[in-house]
1. Determine ³J(HN,Hα), in whole Hz, for all residues of the stretch A:37-45 in sequence, where each value follows from phi through the Karplus function 6.51 cos²θ - 1.76 cosθ + 1.60 and θ = phi - 60°; x replaces Gly and Pro.
2. Tell me, what HN-Hα J-couplings in whole Hz come from the Karplus equation 6.51 cos²θ - 1.76 cosθ + 1.60 at θ = phi - 60° for each residue of the stretch A:54-68, using x for Gly and Pro?
3. With 10 Å bins from zero, work out the P(r) of chain A over every alpha carbon pair and list the percent per bin.
4. For chain A, what is the relative contact order in percent, using Cα pairs closer than 8 Å and at least 6 residues apart in sequence?
5. So what's the back-of-envelope 222 nm ellipticity for chain B, counting only DSSP H runs of four-plus at -39500 (n - 2.57) apiece and dividing by all residues, rounded to 500?
6. Leaving ligands, DNA and RNA out of it, report the carbon-plus-sulfur percent of the accessible area of the stretch A:3-90 at a 1.4 Å probe.
7. Quick one: which residues, 5+ away or cross-chain, put their amide H under 5 Å from the amide H of B:Asn76? H built at 1.01 Å from N.
8. To the nearest 100 Å², how much accessible surface do chains B and A hide from each other in total, with a 1.4 Å probe?
Protein chains: 2
Amino acid sequence: MNQELAIKRLSELGHSTRLSIFRLAVKAGDKGLPVGAIQSELGASASTLSHHIHRLVAVGLIEQQRDGRILNCVANLDAMREVMAFLESECCTQLYFE
Amino acid sequence: MNQELAIKRLSELGHSTRLSIFRLAVKAGDKGLPVGAIQSELGASASTLSHHIHRLVAVGLIEQQRDGRILNCVANLDAMREVMAFLESECCTQLYFE
DNA sequence: TTTATACTTCTAGTCTAATGGAAATATAGG
DNA sequence: CCTATATTTCCATTAGACTAGAAGTATAAA
(Lines give C-alpha, C1' and ligand atoms only; values in the text may rest on other atoms or scores of the structure.)
Protein backbone atom coordinates (compact mmCIF):
# COMPACT_ATOMS: atom_id res chain seq x y z
CA MET A 1 0.00 0.00 0.00
CA ASN A 2 1.34 3.42 -0.88
CA GLN A 3 1.63 6.34 1.49
CA GLU A 4 -0.80 8.52 -0.44
CA LEU A 5 -3.69 6.09 -0.05
CA ALA A 6 -2.76 5.37 3.54
CA ILE A 7 -2.93 9.08 4.30
CA LYS A 8 -6.33 9.40 2.66
CA ARG A 9 -7.71 6.50 4.66
CA LEU A 10 -6.21 7.74 7.90
CA SER A 11 -7.71 11.17 7.43
CA GLU A 12 -11.13 9.69 6.68
CA LEU A 13 -10.91 7.53 9.79
CA GLY A 14 -9.84 10.55 11.79
CA HIS A 15 -13.35 11.96 11.93
CA SER A 16 -15.83 11.09 14.62
CA THR A 17 -18.87 10.46 12.44
CA ARG A 18 -16.96 8.51 9.83
CA LEU A 19 -15.15 6.30 12.32
CA SER A 20 -18.52 5.55 13.91
CA ILE A 21 -19.96 4.66 10.50
CA PHE A 22 -17.08 2.30 9.87
CA ARG A 23 -17.42 0.66 13.27
CA LEU A 24 -21.16 0.16 12.79
CA ALA A 25 -20.43 -1.47 9.45
CA VAL A 26 -17.85 -3.76 11.02
CA LYS A 27 -20.30 -4.70 13.73
CA ALA A 28 -22.97 -5.41 11.15
CA GLY A 29 -20.84 -8.08 9.54
CA ASP A 30 -20.78 -9.38 5.99
CA LYS A 31 -24.12 -7.99 4.90
CA GLY A 32 -23.50 -4.57 6.33
CA LEU A 33 -26.29 -2.26 7.34
CA PRO A 34 -28.55 0.25 5.58
CA VAL A 35 -27.72 3.94 5.37
CA GLY A 36 -30.98 4.57 7.19
CA ALA A 37 -29.91 2.41 10.11
CA ILE A 38 -26.67 4.36 10.36
CA GLN A 39 -28.67 7.56 10.31
CA SER A 40 -30.97 6.55 13.13
CA GLU A 41 -27.99 5.27 15.09
CA LEU A 42 -25.88 8.40 14.70
CA GLY A 43 -28.57 11.04 14.39
CA ALA A 44 -27.04 13.19 11.68
CA SER A 45 -28.99 14.47 8.69
CA ALA A 46 -29.39 12.21 5.68
CA SER A 47 -27.36 14.46 3.42
CA THR A 48 -24.53 14.71 5.89
CA LEU A 49 -24.44 10.96 6.36
CA SER A 50 -24.50 10.37 2.64
CA HIS A 51 -21.60 12.73 2.26
CA HIS A 52 -19.49 10.91 4.84
CA ILE A 53 -20.35 7.48 3.50
CA HIS A 54 -19.40 8.65 0.04
CA ARG A 55 -15.99 9.66 1.31
CA LEU A 56 -15.46 6.30 2.97
CA VAL A 57 -16.45 4.55 -0.26
CA ALA A 58 -14.08 6.77 -2.22
CA VAL A 59 -11.07 5.51 -0.25
CA GLY A 60 -12.23 1.90 -0.25
CA LEU A 61 -13.07 1.55 3.42
CA ILE A 62 -16.75 0.96 2.76
CA GLU A 63 -18.49 -0.88 -0.05
CA GLN A 64 -22.17 -0.68 -0.88
CA GLN A 65 -24.64 -3.30 -2.03
CA ARG A 66 -28.10 -2.39 -3.11
CA ASP A 67 -31.02 -4.53 -1.99
CA GLY A 68 -34.13 -3.01 -3.49
CA ARG A 69 -34.54 0.45 -2.08
CA ILE A 70 -32.04 -0.23 0.62
CA LEU A 71 -28.33 0.44 0.22
CA ASN A 72 -26.24 -1.64 2.57
CA CYS A 73 -22.88 -0.41 3.75
CA VAL A 74 -20.26 -3.09 4.25
CA ALA A 75 -16.91 -2.54 5.91
CA ASN A 76 -13.91 -3.46 3.81
CA LEU A 77 -11.73 -5.05 6.44
CA ASP A 78 -8.99 -5.74 3.95
CA ALA A 79 -8.65 -2.01 3.36
CA MET A 80 -8.40 -1.40 7.09
CA ARG A 81 -5.81 -4.12 7.46
CA GLU A 82 -3.79 -2.53 4.70
CA VAL A 83 -3.73 0.69 6.67
CA MET A 84 -2.65 -1.13 9.81
CA ALA A 85 0.03 -3.03 7.92
CA PHE A 86 1.31 0.26 6.52
CA LEU A 87 1.52 1.78 9.98
CA GLU A 88 3.26 -1.31 11.27
CA SER A 89 5.84 -1.62 8.53
CA GLU A 90 6.45 2.01 7.57
CA CYS A 91 5.76 4.05 10.67
CA CYS A 92 6.90 2.04 13.65
CA THR A 93 10.36 0.85 12.89
CA GLN A 94 13.65 2.36 11.85
CA LEU A 95 14.39 -0.59 9.63
CA TYR A 96 12.21 -0.01 6.66
CA PHE A 97 13.43 0.19 3.09
CA GLU A 98 13.03 3.33 1.08
CA MET B 1 -7.29 4.18 24.65
CA ASN B 2 -10.50 6.06 24.08
CA GLN B 3 -12.09 6.75 20.72
CA GLU B 4 -11.77 10.50 21.02
CA LEU B 5 -7.99 10.43 21.32
CA ALA B 6 -7.70 7.76 18.66
CA ILE B 7 -9.63 9.98 16.27
CA LYS B 8 -7.40 12.96 17.01
CA ARG B 9 -4.28 10.94 16.37
CA LEU B 10 -5.66 9.40 13.19
CA SER B 11 -6.59 12.77 11.81
CA GLU B 12 -3.13 14.15 12.57
CA LEU B 13 -1.51 11.18 10.87
CA GLY B 14 -3.84 11.64 7.93
CA HIS B 15 -1.89 14.57 6.58
CA SER B 16 1.01 14.24 4.22
CA THR B 17 3.43 16.60 5.91
CA ARG B 18 2.65 15.38 9.39
CA LEU B 19 2.94 11.69 8.53
CA SER B 20 6.30 12.47 6.93
CA ILE B 21 7.42 14.28 10.06
CA PHE B 22 6.45 11.31 12.18
CA ARG B 23 8.24 8.87 9.89
CA LEU B 24 11.40 10.97 9.93
CA ALA B 25 11.26 10.98 13.71
CA VAL B 26 10.84 7.22 13.80
CA LYS B 27 13.76 6.81 11.46
CA ALA B 28 15.86 9.11 13.61
CA GLY B 29 15.53 6.82 16.60
CA ASP B 30 15.67 7.56 20.30
CA LYS B 31 17.30 10.95 20.05
CA GLY B 32 15.01 12.19 17.33
CA LEU B 33 16.01 14.93 14.93
CA PRO B 34 16.03 18.73 14.95
CA VAL B 35 13.18 20.79 13.60
CA GLY B 36 15.65 22.29 11.16
CA ALA B 37 16.56 18.87 9.78
CA ILE B 38 12.88 18.15 9.21
CA GLN B 39 12.56 21.46 7.47
CA SER B 40 15.41 20.86 5.06
CA GLU B 41 14.14 17.34 4.44
CA LEU B 42 10.56 18.35 3.71
CA GLY B 43 11.04 21.82 2.34
CA ALA B 44 8.13 23.58 3.97
CA SER B 45 8.44 26.95 5.66
CA ALA B 46 9.62 27.09 9.24
CA SER B 47 6.32 28.42 10.50
CA THR B 48 4.32 25.74 8.72
CA LEU B 49 6.56 22.99 10.06
CA SER B 50 6.38 24.38 13.56
CA HIS B 51 2.60 24.38 13.31
CA HIS B 52 2.43 20.73 12.23
CA ILE B 53 4.95 19.60 14.83
CA HIS B 54 2.96 21.42 17.48
CA ARG B 55 -0.14 19.48 16.47
CA LEU B 56 1.70 16.16 16.64
CA VAL B 57 3.00 17.07 20.09
CA ALA B 58 -0.52 18.03 21.19
CA VAL B 59 -1.82 14.51 20.54
CA GLY B 60 1.23 12.81 22.01
CA LEU B 61 2.69 11.39 18.81
CA ILE B 62 5.86 13.49 19.06
CA GLU B 63 7.86 14.58 22.06
CA GLN B 64 10.50 17.27 22.10
CA GLN B 65 13.82 17.53 23.87
CA ARG B 66 15.83 20.71 23.81
CA ASP B 67 19.56 20.53 23.33
CA GLY B 68 20.86 24.06 23.40
CA ARG B 69 19.39 25.95 20.51
CA ILE B 70 18.25 22.77 18.90
CA LEU B 71 14.88 21.17 19.56
CA ASN B 72 14.84 17.48 18.82
CA CYS B 73 11.63 15.76 17.79
CA VAL B 74 11.24 12.20 19.02
CA ALA B 75 8.54 9.82 17.86
CA ASN B 76 6.39 8.39 20.62
CA LEU B 77 6.04 4.83 19.40
CA ASP B 78 3.86 3.89 22.34
CA ALA B 79 1.30 6.44 21.20
CA MET B 80 1.36 5.00 17.71
CA ARG B 81 0.98 1.49 19.05
CA GLU B 82 -2.02 2.59 21.08
CA VAL B 83 -3.65 3.81 17.90
CA MET B 84 -2.93 0.52 16.16
CA ALA B 85 -4.22 -1.47 19.11
CA PHE B 86 -7.40 0.61 19.04
CA LEU B 87 -7.92 -0.09 15.36
CA GLU B 88 -7.25 -3.77 15.91
CA SER B 89 -9.55 -4.24 18.86
CA GLU B 90 -12.32 -1.75 18.13
CA CYS B 91 -12.48 -1.40 14.39
CA CYS B 92 -11.71 -4.78 12.88
CA THR B 93 -13.84 -7.28 14.68
CA GLN B 94 -17.51 -7.73 15.44
CA LEU B 95 -16.70 -9.10 18.84
CA TYR B 96 -15.85 -6.03 20.80
CA PHE B 97 -17.52 -5.04 24.02
CA GLU B 98 -19.41 -1.80 24.33
C1' DT C 1 -49.56 5.24 -12.61
C1' DT C 2 -49.58 7.22 -8.31
C1' DT C 3 -47.59 7.30 -3.95
C1' DA C 4 -44.22 6.18 -0.50
C1' DT C 5 -39.64 5.04 0.90
C1' DA C 6 -34.55 5.26 0.68
C1' DC C 7 -31.02 7.67 -0.55
C1' DT C 8 -28.23 11.19 -3.24
C1' DT C 9 -27.03 15.54 -5.29
C1' DC C 10 -27.27 20.45 -5.28
C1' DT C 11 -26.57 24.60 -3.03
C1' DA C 12 -25.11 27.65 0.36
C1' DG C 13 -23.54 29.06 4.80
C1' DT C 14 -20.18 28.49 8.47
C1' DC C 15 -16.13 26.92 10.38
C1' DT C 16 -11.48 25.09 10.58
C1' DA C 17 -7.10 23.85 8.54
C1' DA C 18 -3.09 25.02 5.93
C1' DT C 19 0.24 28.16 4.51
C1' DG C 20 4.02 31.40 4.93
C1' DG C 21 5.98 36.15 5.85
C1' DA C 22 7.24 39.08 9.60
C1' DA C 23 8.12 39.79 14.20
C1' DA C 24 9.19 37.74 18.62
C1' DT C 25 11.63 34.51 21.76
C1' DA C 26 15.34 31.34 23.29
C1' DT C 27 19.93 29.95 23.43
C1' DA C 28 24.85 30.15 22.30
C1' DG C 29 29.12 32.31 21.09
C1' DG C 30 32.28 36.17 20.39
C1' DC D 1 26.57 43.36 25.42
C1' DC D 2 25.99 42.21 20.53
C1' DT D 3 25.27 39.06 16.94
C1' DA D 4 23.95 34.68 14.93
C1' DT D 5 21.20 30.59 14.93
C1' DA D 6 16.99 27.89 15.93
C1' DT D 7 12.45 27.89 16.51
C1' DT D 8 7.91 29.84 17.69
C1' DT D 9 4.09 33.03 17.65
C1' DC D 10 1.36 36.38 15.33
C1' DC D 11 -1.18 37.68 11.47
C1' DA D 12 -3.64 37.42 7.25
C1' DT D 13 -5.03 34.86 3.26
C1' DT D 14 -6.76 30.95 0.88
C1' DA D 15 -8.69 26.51 0.39
C1' DG D 16 -11.31 22.81 1.82
C1' DA D 17 -14.38 20.38 5.25
C1' DC D 18 -18.75 20.06 7.63
C1' DT D 19 -23.47 20.69 7.86
C1' DA D 20 -28.20 20.47 6.52
C1' DG D 21 -32.41 21.95 3.80
C1' DA D 22 -34.46 21.41 -0.63
C1' DA D 23 -34.83 19.22 -4.79
C1' DG D 24 -33.79 15.16 -7.48
C1' DT D 25 -33.33 9.98 -8.50
C1' DA D 26 -34.15 5.01 -7.78
C1' DT D 27 -36.92 1.35 -6.39
C1' DA D 28 -41.03 -0.81 -4.57
C1' DA D 29 -45.87 -1.18 -3.48
C1' DA D 30 -50.70 -0.09 -3.83
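The values are calculated or read from the model by the stated rules, or taken from the named source; none is laboratory data. Fair warning: this is a prediction, and the values are worked out from it, not measured in the lab. Ideal geometry is used to build each Cβ from the backbone, glycine not excepted, and the neighbour counts take in all protein chains shown. When the accessible area is computed, the model is the full protein with side chains, heavy atoms only, and any ligands, DNA or RNA have been set aside. Shrake-Rupley method; radii C 1.70, N 1.55, O 1.52, S 1.80 Å.
1. Couplings: 5, 4, 4, 5, 6, 9, x, 9, 6 Hz.
2. 3J(HN,Hα) across the stretch A:54-68, in whole Hz: 4, 5, 5, 5, 4, 9, x, 7, 10, 10, 10, 10, 7, 9, x.
3. Over chain A, the share of Cα pairs per 10 Å bin runs 16, 47, 25, 10, 3, 0 percent.
4. 31 percent
5. Using -39500 (n - 2.57) per qualifying helix, the result is -18500 deg cm²/dmol.
6. 47 percent
7. Result for B:Asn76 returns B:Ile62, B:Glu63.
8. Working: alone 6560 and 6570 Å², together 10330 Å².
Accessible area lost upon association: around 2800 Å².
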